[in-house]
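Data first, discussion second: the structure below is written as structure tokens.
The values are calculated or read from the model by the stated rules, or taken from the named source; none is laboratory data. Since the structure is predicted, the reported quantities are computational estimates derived from the model, not experimental observations. Please note: Cβ atoms are built from the backbone with ideal geometry, for glycine as well, and neighbour counts cover all protein chains shown. To get the accessible areas, we keep the full protein, side chains included, count just its heavy atoms, and leave off ligands, DNA and RNA. Shrake-Rupley method; radii C 1.70, N 1.55, O 1.52, S 1.80 Å.
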Amino acid sequence: MVSRGNTPIDTRPNTLSDPFTGQAKGPAYKVLSDVNNRLVAPPDRSRAPKLTGVVAEYEDVGELLAACERVRDAGITKWDSYTPYPVHGIERAMGIKATILPWIVLCGGLTGCMTGLLMQWYLNGSEEVANEAGIPTFLQGYNFLISGKPIWSLPANIPVAFELTILFSAFGAFFGMLVLNRLPKLSNPRLRLSNFRRGTDDGYLIGLDSKDPKFDLEGAAELLSPTRPTAVREVWDVESRRAPAWIPTAALILFALLLIPPALIAEHRNTPWSTPRIHPVGDMDWQASFKPQQRNPFFADQRAMRPQVEGTIARGELDLDDALYRGLEPTDNPAAASGPAAALPDGDGQRLASAALFAFASLNQDQSESGANTTDAPQEQTGGEAPPAGDDEEDMSLFTRDLPIEPTLENVQRGQLVFNIYCAACHGVGGFGDGLVHKRATQIKAQAWVPPSNLHTDVTRNRPNGYLYDAITNGVRKMPAYGSQIELKDRWNVVLYLRALQKSQHAKIGDVPEAERDRVREEARAAKEAAEQAAADEAARAAAAAGESGTVEADDAIVPRGETGDAPTTSSTAAPSDTPSGAKPDVEGRNEDPDPVADPAPADEPEMESPESNDPEAGEPETDDPADADAETA
């Protein structure tokens, strides 16, 4: 009961009987529904009614604002006011703080932006990182190259990041509003009060929730009485918590209907059809496609294969490192040395220009080796003997003597593998020019055959590393170019292995690891003794054969097996000569001589001298053991 002026006004409705027992209740039991003192819905007799709060009604906005301030000052937090239109200042009267919804929207936008960027980076630009991290292949992205664009760049990924920013911001605003307002709530007991509907028309109401820790029924009446409400009503919850019987039935029918589409799809996929499937969006499935070298009437030149755009370089192919990519010494203007070649003319002019470029690339071949101007277009070699190798120091100075790769054992072994695949067929496994192809050409006496080079000659050993790389890449004389078959690093690996192979044939005892020197000396002594014994046995057999036949003159020299009449080698320490005219190299690349003695080089050859012998400050030699000389000889 509240008072207005001096006249007390009883704001409580008539007392109703208990809807479950029919017994009358006291003043504390308020109406469940104020619609002609009857219930809007039949009560649920499986549970007792529950008090959910009270609702106070006011005539104007001023009384409502005063009531809001009183409730706010009382420390009640779970309550709300209801007006038919927005009331300015009511948020201050209620003590409502600024909403955190903008911060939720901001966090949603930042999350969407980062999600878009990270998703595109992971799917299109993280393949190498994923491999290093050991992520399984089916969880990795794929570096998809599009028109030569970078695998990952921020400008190209802005649209997707922007769209996800907007999407996540909208989700944050929508779902944040629902959570902050504790929605959705399908029913509220306050809606059962008839006067509560005036909150959308001409009434002003305040509702206190019984879940507030400070809520008390009698205290709520005392709190609201000074605010002069026209009525204060209790709110009771009498609705059933059980779902209506039609809901499970409707759910079952809906589930059955949802099974129809996947069943039709499965039936369609497993049924043979004589007609093509429905394809409403063709995309590029039916566009014209052409194989290489085919005619395409779409272009003016009728060619399906499109030439490279003049004056352009594909991304990743701007090879500015002359030493690595061309084997040349670095120039002052690498862009000029490495830029795209000028467009070549058609027909014969293109062939001559290509030949000129080839001559310039090899430098030491064709006309350049015979003294001709390298800028002139050389004629293509079709046969005959190879031109002599030149020693033009000016040309050799263009090539680098450095190795742009690490001289590791792995690279040497890789170079050996590639050498045996591509080079050993002609040059031989040992590099002496005695490969199977050369042997076959010699056997059939091929007229146009040019013997492959011995890679252990002083001329080849003194060539710069860049020259050897260029010879592998662009070819030399009759040797074809292998640049299109052997990868760049493997070409340098072959050069590295060739240097190791040459080193093995011109090594000194000082090049052998100290732990292995004793073993090498013993093997050298054994090899020397075996060679001497073999030489003695051969001489004895020759003498016996001469004595039996009686046809050999006393002053004639003993000539071992061979095809020449040169003087024989009578000492195992005689200096070896070049392969005699007409002699055939054996599988080791040496003269086919029955004497197996490995003759040491004469003392005047620089590679066989001790490194300390020419240094006046070197002091005494490392050792005076004669076995060292034997080891070097072996």
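Please work out the Cα center distance from segment 163-227 to segment 240-254, rounded to the nearest Å.
A separation of 28 Å, based on Cα centres.
Please say if segment 421-555 is rounded, prolate or oblate, where rounded means a/c under 1.5 for a ≥ b ≥ c the square roots of the C-alpha gyration tensor eigenvalues, and otherwise the choice is prolate for a/b larger than b/c and oblate otherwise?
It comes out oblate by the Cα gyration axes.
Relative to the compact-globule scaling 2.2 N^0.38 Å, provide the ratio for the alpha-carbon radius of gyration of segment 92-170.
Its radius of gyration relative to the 2.2 N^0.38 Å reference: 1.58.
For Lys489, give me every one of the lysines with a C-alpha distance below 25 angstrom, ignoring sequence neighbours fewer than eight places off in its own chain.
Reachable lysines: Lys478, Lys503.
Could you work out the Rg to Rh ratio of segment 97-228, with Rh taken as the Kirkwood radius (inverse of the mean 1/r over all Cα pairs)?
My calculation of the ratio gives 1.31.
Once the whole set of protein chains is in place, how much accessible area is left on His427, using a 1.4 Å probe, in Å² to the nearest 10?
About 30 Å², rounded to the nearest 10.
Using 0.36 nm per residue of separation minus the Cα-Cα distance, give me the extension gain between Asp511 and Asp537 in nm, one decimal.
Here the segment from Asp511 to Asp537 would lengthen by 6.0 nm.
So which lysines can Lys508 reach, going by Cα to Cα under 29 Å and dropping same-chain residues fewer than 8 places off?
Lys528, Lys584
With every protein chain in place, what's the accessible area of Leu403 (1.4 Å probe, Å², nearest 10)?
The accessible area of Leu403 comes to roughly 60 Å².
Report Met94's accessible area, 1.4 Å probe, all protein chains in place, as a number in Å² to the nearest 10.
20
Check the straight Cα-Cα distances from Lys214 and name the lysines below 29 Å, setting aside those fewer than 8 residues away within the same chain.
Straight-line reach from Lys214, under 29 Å: Lys25, Lys30, Lys50, Lys78, Lys97, Lys185.
How do Asp80, Asp73 stack up against each other in accessible area, from largest to smallest, with a 1.4 angstrom probe?
So, going from the largest accessible area down, we get Asp73, Asp80.
Roughly speaking, what is the stretch gain from Asn181 to Asp202, that is 0.36 nm per residue apart minus the C-alpha to C-alpha distance, in nm to one decimal?
Gain in length upon complete extension: 5.2 nm.
Quickly rank 519-530, 132-143 as a protection proxy: mean count of other C-beta atoms within 10 Å, highest first.
519-530, 132-143
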